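So the structure is just underneath, and the comments pick up after that.
Taken together, the values in this text are just the output of simple stated rules run on the coordinates, not laboratory data. In this text, all values refer to a predicted model and were calculated from it rather than measured experimentally. Counting neighbours? That spans all protein chains shown, and the Cβs are built from the backbone with ideal geometry, glycine included.
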Amino acid sequence: MLSALDPLFVAPGGVQGAVVERERSSLDAELTHVVGPTMEQNRVRQLTRFMLEVPNADTVDVWSDARIWDELTERLHAEAEPDIAQGALVERDVLDLRVRVAQPMHDRRVFLAGDAAHLITPAGGKGMNLAIQDAIELACGLRERYGPDRTAQRLAGYSATRLAAIWRTQEFSHWMLTLLHAGVSQSRHDTDDRAGVQPSDFAYELRRARLQELIGNRQLSRWFAYAYAGVDL
């Protein structure tokens, strides 16, 4: 019987996405910050997408235009550089970073592929790749099962074959999240009168150290390039 491991993992922080109507900047940027990463991506000439980590429980309603711009300005501001150019917020959403995996991925004559079988965070950009690989493996199994040879071995092994690759990819995506996101698991309680949980400077410096090691260590950089894009340096 199909069983969903749900939720297998809940990301430590959600992601607030906002599409802004303005002239594009000269480059894309993804910056780490003590309260979480922030990303600026050029889409078309007059549209820019911003993404920033927010608490898991937050909804779109609690993020006004002014609050979004204040947060983006603080996180993306660079010393001796002008503030980021603002514009009209034409679209916004809070991305759910929960992941799920169905295990096994088939039950008798029912086979799952893509998001029906597994959800993965956008970290690493692997969701579409996994879905395409599922479809290829399933198509090959069906062709062998119902083709001239009538061989059922590959189709019977579909779940085991794909789950091995899916778990490797889930691990890489999870690793990228912990590398970039501040997250509640790396937070400390305030010692003053303010309520809630605040990010830890110690955890932030740990994330910076990991990023510096990724940049400066050729062997680690080589592994990352292969795991992320399938290329060798």
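Computed over the stretch 94-179, the convex hull of the alpha-carbon atoms projects to a mean area of 5.7 nm². Stretching N56 away from W167 to a fully extended chain increases their span by 37.6 nm, per 0.36 nm per residue minus the current alpha-carbon distance. Just to verify a number: FRET efficiency for R218 and A66, C-beta to C-beta distance, R0 = 41 Å, to 0.05? That pair, R218 with A66, gives E of 0.40. Given their separation in residues at 0.36 nm each and the Cα-Cα distance between them, Q86 and R210 gain 41.5 nm when the chain is fully extended.
Projected label points at D96 and R154, each 7 Å from Cα along the beta carbon direction, are separated by 3.5 nanometres.
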